[in-house]
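A short worksheet on the structure shown next.
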Amino acid sequence: MILAIDTASAACTAALFDGSGACVGRSDEVIGRGHAERLVPMLAELLDGRRASQVLVGVGPGSFTGIRVGIAAAHGLAIGWDAELAGFSSLALLALAAPGDGEVAAAMRGGHGELFVQQFDRTPELVPAGDLRNLAPIDAAAAITAPLVIGSGAAELVAARGHGEAVDALASAADVLRLPAALRNLFPRPLYARAPDARAREAA
C-alpha cells in the first residue's frame, strides 16, 4: 500500500492506495492551522491498523509549520514500517485540481503578503513550465502567463494581472499518483522557497 500526506496548505489531506494504485481511502479537511493536532488522529482513522510499504509526503512550498508536521509524521511512519519514503511538490499537486488542460499556474499565499507560484503545462502530463518562485502579487502577475490560476493566491494574482481565471481550491492527496514520477520522487525535506521568519540568535 501507498500512503500520501500533504499538510502544506490550509488543508490536511491524506490518501491510501492499494497495490494497483486504486485509492482505497482518503481524508480531506480544511483546518487552516492545527495540522500537528489533527494529522495523527486523521491517519489513525484512515489506516485503521493497515500499514504502507511506501509513504509520499508533500514537501511544500507552503506553511512552514504544516510542512514540518507532515514530513515529521511521514519520516516516523516510514521508519516504523520500514517503508520507502519520497517527497512530492505541493504546488504540482494543487495544479492537478485545476479543470481542463493546457497551461495552468498554482498560486498559494505565503508570508508577508507574497505568493508561492509556479506554472505548469498539462499536455500530455503535468510538467513544470517555469521555476518555483516566491513573489509579491504584482511581480507574480508579471511572471505568470497561464490564463488559469488555481489556489489560495489565485484571485490576488489574477486581480493584479487584470485578466485570466482564478480558481480557489485546495490540493487532495488522492490525486498524488497522477503526478509524473519526477514530481513525486523528491527528497523528503522541506521546500520552503524562502527563508523562515524565525532565525537563530547570533552569539554576543
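Brief remarks on what is shown
- None of ASP48, ASP82, ASP18, ASP28 is charged (D, E, K, R) and within 14 Å of the chain's Cα centre (by Cα) except ASP28.
- Subset of segment 168-178 that is among the hydrophobic types (A, V, I, L, M, F, W, C) and at pLDDT below 95 - its residue that is surrounded by the most Cβ atoms within 10 Å (Cβ to Cβ): ALA171
- Residue satisfying all of: in segment 117-134; modelled with pLDDT of 95 or more and closer than 15 Å to GLY62 by Cα; surrounded by the most Cβ atoms within 10 Å (Cβ to Cβ) among these: VAL117
- Qualifying residue in segment 89-99 (condition: in a loop (DSSP other than H, G, I, E, B), over 14 Å from the mean Cα position of the chain (by Cα) and surrounded by fewer than 21 Cβ atoms within 10 Å (Cβ to Cβ)): yes
- Cβ separations smaller than 6 Å between residues 6+ apart or across chains give no pair from segment 113-131 residues that are farther than 20 Å from VAL158 by Cβ to residues that are aromatic (Phe, Trp, Tyr) and assigned to a loop (DSSP other than H, G, I, E, B).
- Every pair of residues 6+ apart whose Cβ atoms lie under 6 Å, when the first sits in segment 49-62 and is modelled with pLDDT under 95 while the second is surrounded by 24 or more Cβ atoms within 10 Å (Cβ to Cβ): GLY60/ALA8; GLY60/ILE67; GLY60/SER90; PRO61/PHE116; GLY62/ALA8; GLY62/SER9; GLY62/SER90; GLY62/MET108
- Of the residues making up segment 65-80, none is over 29 Å from ALA129 (Cβ atoms) and assigned to a loop (DSSP other than H, G, I, E, B).
- Close pairs from segment 77-91: first closer than 11 Å to LEU186 by Cα, partner assigned to a helix (DSSP H, G or I) and modelled with pLDDT under 95, Cβ under 7 Å, at least 6 apart: PHE88/LEU183; SER89/LEU183
- Residue ID - nearest to GLN119 (Cα to Cα), chosen from residues in segment 147-157 that are surrounded by 23 or more Cβ atoms within 10 Å (Cβ to Cβ) and hydrophobic (A, V, I, L, M, F, W, C): VAL149
- The residues on offer are ARG51, ARG38, and the sole one that is of a type in the set (Lys, Arg), over 17 Å from ALA171 (Cβ atoms) and either outside the structural domain of ALA160 (by TED's automatic domain parsing) or part of a loop (DSSP other than H, G, I, E, B) (or both) is ARG51.
Yes/no per residue for (1) in contact with a helix residue (DSSP H, G or I) (Cβ under 7 Å, 6 or more places away or on another chain); (2) more than 26 Å from VAL55 (Cβ to Cβ):
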{"residue": "LEU148", "(1), (2)": "no, yes"}
{"residue": "GLY151", "(1), (2)": "yes, no"}
{"residue": "GLU156", "(1), (2)": "yes, yes"}
{"residue": "ALA160", "(1), (2)": "yes, yes"}
{"residue": "ALA169", "(1), (2)": "no, no"}
{"residue": "LEU177", "(1), (2)": "no, no"}
{"residue": "PRO180", "(1), (2)": "no, no"}
{"residue": "LEU183", "(1), (2)": "yes, no"}
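- Residue in segment 100-116 that is surrounded by the most Cβ atoms within 10 Å (Cβ to Cβ), counting only those that are of a type outside the set (Asp, Glu) and part of a loop (DSSP other than H, G, I, E, B): GLY110
The values are calculated or read from the model by the stated rules, or taken from the named source; none is laboratory data. As the structure is a prediction and not an experimental result, all values here were calculated from the model. Positions of Cβ are backbone-derived with ideal geometry, glycine not excepted, and every protein chain shown enters the neighbour counts.
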